[in-house]
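Step one of this worksheet: look at the structure below.
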Amino acid sequence: MRSPAFLMSRYLAFDLGAESGRAILGTLESERLTLEELQSVDKLFAGDALKVFDLKHAMAQRNILGAPGTREVRKQLARWRRILSQD
């Protein structure tokens, strides 16, 4: 079942490679890309490529000091709560 037009978003993307360029028109229903849509750009995309667009997964991967990932944000919040509670 297709979504009503007002629930769909259309995007125009440009791939400007060193040797050639192309434009790709995409439609997102329910704010989700499909593996087939990614593979229409490049067949090298595999099933794990969709994890990049999963916000929780992407944020969890940002785990270096100073990165705005989930774990680091929690650590900084706890640190500042301790500091502010000392006053």
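Figures for the structure shown
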read-out: Proximal lysines to LYS43, defined as alpha-carbon separation beneath 21 angstrom and excluding residues fewer than eight positions away on the same chain; value: LYS51
read-out: Length gained when the stretch ALA58-ARG71 is fully extended (0.36 nm per residue, less Cα-Cα span); value: 3.5 nm
read-out: Fully extended contour minus Cα-Cα distance, from ARG22 to ALA46, at 0.36 nm per residue; value: 6.5 nm
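Coordinate-derived values only; no laboratory data. The shown structure was predicted, so the numbers you read here are calculated from the model rather than taken from an experiment.
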